[in-house]
Amino acid sequence: MEATSAQLNNPFSVFVSSNNEVFIADYSNQSIRKVLQNGNIVTIAGNGDKGFSGDNCLATSAQLNNPIGVFVSSIMKKILQNGTIVTIAGNGKPGFGGDNGLATNAQLNYPRNVYVSSNNEVYIADFCNQRIRKVLQNGNIITIAGNGTKGFSGDNGPATNAQLNGPAGVFVSNNEVYIADYSNHVIRKISQNGTIVTIAGNGKPGFSGDNGLATNAQLYNPSGTFVSSNNEVYISDCFNHVIRKILQNGTIVTIAGNGKGGFSGDNGLATNAQLYSPLGVFVSSNNEVYISDCFNHRIRKVLHNGNIVTIAGNGTPGFSGDSPFDISLYPHFGNSSSLTRRIEFHSLKKYSRDQLFGLEIYGFMPLIERISIQFSQILKNEKIIWSMNASQRAIIQKLINSLIYDNNQLNFTKNELLDVLFILGLFKNGEFIELKRSLTSDFINSITLKEFPAEWEKIESLIMTCKDFGNENYILECLNNFCIEFVAVKMKTTEGSAVLSSLPIVLRNATAFFPKLVLGQPTPINIEEKIEVNPQTLESLFNDKKTSDIQIKMGEDKYLYCHKTVLSTTSTFFAALFESGSSFSDFNNGIFTPDESEDLELLEIIIKYCYGISFDNEKISGLLDMAMKHEIKYLVDYYCINFTLSIQNYFSIVSTCEQYLDLPVFEGFFKEIIRFGVTNKKQLFTDLSVLSKLPEKVWQVMFLNWAQDN
């Protein structure tokens, strides 16, 4: 069912992934739901029963207890590739405890929001503990803001000494932490040096201050915040029933909601619409604003033109509308389905950055220019593309898809034939040559006396369109000549003469078909083209400075010139970096600077792999961590299949794989680890103390196998 027909029940939070799927924390339905690209809605976590259960089982079978926040991370998997759910923080007992220890042993108290940074650290708004906490890369938890005492104090001092009052939202941008300090009615920020300041709200509940300094304005229980890529801060001003924004100059404005709680205004200006306690706000990579309109039981979106629409929820509280969900087709988090195959021509993903002229046509032009150079010239002709109707633009997208987005066979209906041939006739170079031949043949074979006049009129009209643009269209000219000869042949029959003789188009072309009356059949059309420029592969784009839109710093004066679309398609890490709508300290001014601990040689292998460039098998031993960080499933599979265990590398390889052994992709390799260990136990385990080097799961299974052998 379409998401707009479904029932939601107090949606608290919303997140939009890089491929424009919308994730919803459906609070009172005890579930996490997702709006797919086709507009349907599915449940991806929670069985609808309130409670706690189901860790390490399918997420859809687990119990959730009023889920408030949702964050889709390419790195930290709360719902794994196979759909299982795990706990990453909190022991389930409300309270405060556990700082500087494992996050799963710590106590939280009503965590309201979560954010996962680009370096795999998890930030938690620990609402009733009056703290912001962080799960480090090693799994330990610390407090980064709030002294645990409810109140307001501490501005311009260390954030850990400050008082918070119900921190409800947290967001990280450029290593600065933004906090929606709910009951203090302010937005606060932790600078990179650990100091906390207020950036919006004067601390008095109410509404005032639009078009003035944000720190002088009144907010009323701000529940969420989001920082866009251009450093504008969005605020869910909950009980003012509005969404507000802090501009780069520090001024605050309202962008959605008229301040009256209720529902109205869809398809009109967002500032005239009614919201009802909006709790969450998210800005997508193409700058559309998503709102969890909690008590309207809807997810709404502010479009580029400032209008607001509903994208999920019919306004009636409840649960309904789920479509059948196939976890293998729509993985939740982690490795996406697009990463299960090699990078070839048919493997790129569509991103808003590749839209043509703001239309619903997607095409990664640097690659299209390499594969189909003359077709790409048509795609770059704004006048031609804008003049096309919706059907013709859909055909353009199909042609692009066949080149770079999918490997589906091109199929067109009879009604589309002339529009397709119109487009194909605008370029030559042997591009789409077999399609040109087959569709020309299909059109000729489909002609009947009854339909012929309308078809010929359309051919003439399309030829005139081409002339208006100063373009020749040799296929349409061939078809037009065929129509003239068709008339000449059919006019010699009683039936043909009766149908054709008085038609305006026939009379207009009388001087053209009279010389053809001697023909017994129309002349066959022969489509032949000379290939002037040979196509190139994706590999040819590697390190291409001219077409790149991102630089990767590989040394003091060394950069790799790359393409966001190519890297994002293969690497979930890069997709999250480029599409999150956030800014990061390691990605600035179009340059990505890897962490100092990163192995740059392996990173270059990963980048080359994104471009379909093979790598030396001798490098595979160090590839696993990099492949897992970037979540490139095929490379993980390749590692598992191709790496050979030995007495010398056994313990180091098992140690490297430890954190991944529970993943389905490692099942076969785990069995090989056990088999090799059992077979070579005398050489490997000369001293039983070395067993301590093995992960618990490995040595337990090893002991069982030894016992069976004995």
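What follows draws every value from the coordinates through simple rules; no lab data is involved. It should be emphasised that the depicted structure is a prediction, and the values quoted were computed from it without experimental measurement. For neighbour counting, all protein chains shown are included, and Cβ atoms are generated from backbone atoms with ideal geometry for every residue, glycine included.
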Query raised in the report: Nearest 10 degrees, 0 to 90: what angle lies between the long axis of helix 600-610 and the longest principal axis of the chain (Cα atoms)?
Result: 40 degrees
Query raised in the report: How many nm is it between the label spots at residue 87 and residue 546, if each spot is 7 Å from the Cα in line with the beta carbon?
Result: 5.8 nm
Report summary line: Non-local residues with an amide H under 5 Å from the amide H of residue 550, with H modelled 1.01 Å from N and Pro and chain starts lacking one, are 562, 564
**Report entry** Kirkwood hydrodynamic radius over Cα pairs of the range 137-196, then Stokes diffusion coefficient at 4 °C and 1.567 mPa s, in µm²/s
**Finding:** 112 µm²/s
Query raised in the report: Hey, got the Cα dimensions of the range 350-516 along the principal axes, in Å, largest first?
Result: 58, 31, 26
Report summary line: Summing -39500 (n - 2.57) over every DSSP H run of at least 4 in the chain, dividing by its residue total and rounding to the nearest 500, the 222 nm mean residue ellipticity is -7500 deg cm²/dmol
Query raised in the report: What is the gain in length, in nm to one decimal, between residue 449 and residue 469 on full extension, counting 0.36 nm per residue of separation less the C-alpha to C-alpha distance?
Result: 4.1 nm
Report summary line: The set of residues whose placed amide H lies less than 5 Å from the amide H of residue 131, leaving out same-chain residues fewer than 5 positions away, is 126
Report summary line: If amide H atoms are modeled at 1.01 Å from N in the peptide plane, then the residues at a separation of 5 or more from residue 140, or on another chain, having amide H under 5 Å from its own are 103
Report summary line: Ordering 566-572, 589-595, 667-673 by per-residue average of other C-beta atoms within 10 angstrom, highest first, gives 566-572, 667-673, 589-595
Query raised in the report: Where does each of 249-258, 113-122, 485-494 land if you order them by average Cβ count within 10 Å, highest first?
Result: 113-122, 249-258, 485-494
Query - Proximal aspartates and glutamates relative to residue 682, as straight alpha-carbon distance under 14 Å, when same-chain residues fewer than 8 apart are discounted - result: 709
Report summary line: Quick calc: nm separation of the 7 Å Cα→Cβ label points for residue 662 and residue 204 -> 5.2 nm
Report summary line: 1/(1 + (r/R0)^6) with r = Cβ-Cβ of residue 517 and residue 266, R0 = 60 Å, i.e. FRET efficiency to nearest 0.05, evaluates to 0.45
Query raised in the report: When the C-alpha atoms of the chain are aligned to their principal axes, what extent does each axis show, in angstrom, from largest down?
Result: 98, 75, 53
**Report entry** the range 3-329, relative contact order in percent, only Cα pairs under 8 angstrom and at least six apart counted
**Finding:** 15 percent
Query - Nearest 10 degrees, 0 to 90: helix 667-679 Cα axis against the chain principal axis - result: 60 degrees
Report summary line: Restricting to Cα pairs under 8 Å and 6 or more apart, the percent relative contact order of the chain works out to 10 percent
Query raised in the report: Could you give the length gained on full extension between residue 191 and residue 460, defined as 0.36 nm per residue of separation minus the Cα-Cα distance, in nm?
Result: 90.2 nm
Query raised in the report: Does anyone have the angle between helix 474-490 and the longest principal axis of the chain? Alpha-carbon axes, 0 to 90°, nearest 10?
Result: 40 degrees
**Report entry** Sites residue 502 and residue 394, calculated FRET efficiency, Cβ-Cβ separation with R0 30 Å, nearest 0.05
**Finding:** 0.25
Report summary line: Between residue 174 and residue 5, the two model label points (7 Å from Cα along the beta-carbon direction) sit apart by a distance in nm of 4.6 nm
Report summary line: Diffing the range 363-380: the Karplus 3J(HN,Hα) column from phi (6.51, -1.76, 1.60, θ = phi - 60°), in whole Hz with x for Gly and Pro, holds x, 7, 4, x, 7, 4, 4, 7, 8, 9, 5, 6, 4, 5, 5, 5, 5, 8
Query - Long pairs among 383/414; 383/492; 467/516; 530/564; 189/546; 350/428, criterion Cα-Cα beyond 31 Å - result: 383/492; 530/564; 189/546
